[in-house]
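Here is the structure we will look at.
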Amino acid sequence: MATRPKPAPRQYEISPRVELQASTRPYNRVAGAPHTRPLRIYTLDPSVSGRTGGIATVDVPYEDLDPGPAGTLFEIDPQGAPAPLKAGPLDLDHPYLLLQNGLSPSPDNGQFHLQMVYAVCSLTYAAFRRALGRDVAWGCGLSTGRGDTLRLRVRPFAFAEENAYYDRDDHGLSFGYFRAGGQPAGYTVPGGLVFASLSHDIIAHETSHALLDGLRSQFYQPSQPDVLGFHEGFADLVAYFLHFTYPNVVEQAIRDSAGLLSHASLLTNLATEFGYADSSSGPASALRSAVDVAGIATFDADELPPGKQGPKPYHQDMEAHELGSVLVSAVFEAFATVFRRKSERLLHIAGVTPGQFGPKNAEGPLVPAMAELASEIAGQFLNVCIRAIDYCPPVDMELCEYLRALITADVELVPDDRWGYREALMRAFRRRRLFPGHVEFMTEGAVKWDAPDPAVVIPDLAFSRLRFDGDPARAADAGELRRQAEALGAFVSSPAHAAAFHLVAPGTPPPKGVTYVSLPRVESVRCARRVSPNGAVVFDLIAEVLQTGTVERKGTLFDFTGGCTIVIDPFGQVRYVIHKRLGSADRQTRQFEAMRGPLAKFWIKEGKRLRPRPRMLKTLHAGMKQRRSQR
Ligand SMILES: [Zn+2]
């Protein structure tokens, strides 16, 4: 009797993260429901409520809410408000609140804190969804009680400490509060309570950490200072660009600060202005700093004018926050450069010589026109900064690689760079000595990631084979995501293809320095639908495959991960394989040295093995106050 052949053992793994993509489902709008819910927020924090458009009414995407507020993405936990504050669950659907755009901003109303975090968390999520053209899944969360969906828990009164962080173990975001010093800013009385949950930028920053963790699980591994620097810089960029997207706020800031606008760098002045209360000239201190504008130049020259200092250059030994601020200042400089180019036309129409925009002409329709332009460009930068995540390697992110990701993401969507967005980005990175490795020239063609050569096609992942839930940016269900991951896993782990994806084929000897190699693990498979400024819609499938090895150095064992981000077009053709090799001895050495040196506080030793310490961002964010006073 013939026996049926046994199926070959599977040569790849599927991460639980793959199916998580189906567990975050924003509100599905029903016919007749409003698109947005207007709510009032502080645009910076309470210390600037009286100036520079400190309060704004923002349009939060509408969803059905339970008291909390608790919706499809966030569950705001009112517990823990310190006396004299009181905060029970907030019902934003109460008719009184519906009629007056929510509660009036006030630090002493505990329930307003709930509204503030809900509104800013929701706006940050909406910015990611808009940029990526899909639902962005959380990396953790609590059950919503509606199907298998998860939502992030947000605790505005989490602890009495000057800290705030995102963490998977807490299922979300935690914000602290503390007593102010003797000479606080704005409305805070000496020794009064100051809350991280009332700072727009801190809320947007922490939500961005959560979203980035949902998109790139390995960026939560403190393997290199650059990885932490990237988490920090990226979260700051989102926070800054987000508040530049409120045109009324920018308009008010232009009016209020007109006296400062004696030269062309309007945006860098505004950036300083937004962080007014954190000025280094006195002890007054808001919660969040402004963009580090020192050395930013919006003019198209690499030569510095005599007596001018250049920007702080990148160095791989910098501390994570310093690295983050180099990244922020580079992207911000490109933003300010594009704004200068585009605003010159407006100034000419208004009869103002560019460079002479100041108190005399900061009035009339020119101000709202300039503000709208700044907001529009900020929105474009916000989009490209977020989209670029899909073009980042899955592990061990380096700041210079973000430039390659930014350029690739933008070229894909906007082939004709009429205003020189990409040239401005390359110049700003170059000025900070952020040069991508293996790139011979700082030109668009060289900086953009390369397509695989020879071409690779994965027929099972062509769009004609995929199943969607109505919307091509949303996979049908968890089962369909698993099917896609299995098709990808089988393809990339086969001996014929593993090398093209820079993976170690199962059954082959481990690379030098690595004692054990896991099977390739499909970490995520996601659709992206992007709309270009000229209305073209671009679809892609973005996937991450990881492979972890054990490395031994000087008697210490640690996990070392490589892998690739794979971008696949609607016909199943692989467009990019953005990889990190498991066999890179240089990367192994750098991780080992970082774990023993600058990143030692993020690791604990268990026996012979180093493991990441829990609550990475808590450690990273500790000492916010100290850092501010050092500036
Ligand atoms: Zn952070």
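The values are calculated or read from the model by the stated rules, or taken from the named source; none is laboratory data. Predicted, not measured: the structure shown is a model, and the values here were computed from it. All Cβ positions, even for glycine, are placed from backbone atoms using ideal geometry, and neighbour counts span all protein chains on display. For accessibility, only protein heavy atoms count, side chains too; no ligands or nucleic acids. Shrake-Rupley method; radii C 1.70, N 1.55, O 1.52, S 1.80 Å.
A few remarks follow.
- For F74, distant residues with modelled amide H under 5 Å away: L152
- Sulfur and carbon atoms: percent of accessible area, the stretch 65-122 [1.4 Å]: 55
- Residues in the stretch 144-149 carry Karplus couplings, in order, of 7, x, 10, x, 9, 7 Hz; the curve used is 6.51 cos²θ - 1.76 cosθ + 1.60 with θ = phi - 60°, and Gly or Pro positions show x.
- Stretch in the chain that is longest and holds no GluC sites (Glu not before Pro) that DSSP places in a loop and that have at most 11 other beta carbons within 10 Å: 1-302
- Helix-only CD estimate at 222 nm, as mean residue ellipticity for the chain, using -39500 (n - 2.57) per DSSP H run (n ≥ 4): -10500 deg cm²/dmol
- Within the accessible area of the stretch 531-597 (1.4 Å probe), percent carbon and sulfur: 50
- The relative contact order of the stretch 434-565, computed from alpha carbon pairs under 8 Å that lie at least 6 residues apart in sequence, is 16 percent.
- When the listed pairs K86/K601; K512/K605; K312/K601; K448/K618; K342/K618 are checked against a 30 Å cut-off, the alpha-carbon distance exceeds it for K86/K601; K448/K618; K342/K618.
- Applying the criteria of a DSSP loop state and at most 16 other Cβ atoms within 10 Å to the chymotrypsin sites (Phe, Trp or Tyr not before Pro) of the stretch 393-478 yields W419, F441.
- Rounded to the nearest 10 Å², the accessible area of L98 at probe 1.4 Å: 100
- Shape class of the stretch 1-92 from the Cα gyration tensor (axes a ≥ b ≥ c, square roots of the eigenvalues): prolate, since a/c reaches 1.5 or more and a/b is larger than b/c.
- Normalising the average separation of contacting C-alpha pairs (under 8 angstrom, six or more residues apart) by the number of residues puts the relative contact order of the stretch 491-625 at 18 percent.
- The H on the amide N of G68, modeled in the peptide plane, is under 5 Å from the matching H of L90, D91, L92, each at least 5 residues off or on a different chain.
- Placed amide H near R613: partners under 5 Å, 5+ positions off or other chain: W603, I604
- Accessible-area order (highest first, 1.4 angstrom probe) of the listed residues I349, I76: I349, I76
- Long hydrophobic helices in the chain, taken as whole DSSP H segments with a C-alpha length of 20 Å or more on their own axis and mean Kyte-Doolittle hydropathy at least -0.5: 110-132, 200-215, 225-244, 320-349, 366-387, 399-413, 478-493.
- Value of relative contact order over the chain, rounded to a whole percent, pairs C-alpha under 8 Å and six or more apart: 15
- Per residue, in Å², the accessible surface of the stretch 407-542 once ligands and nucleic acids are set aside, probe 1.4 Å: 47
- Accessible-area ranking of Y220, Y27, largest first, probe 1.4 Å: Y27, Y220
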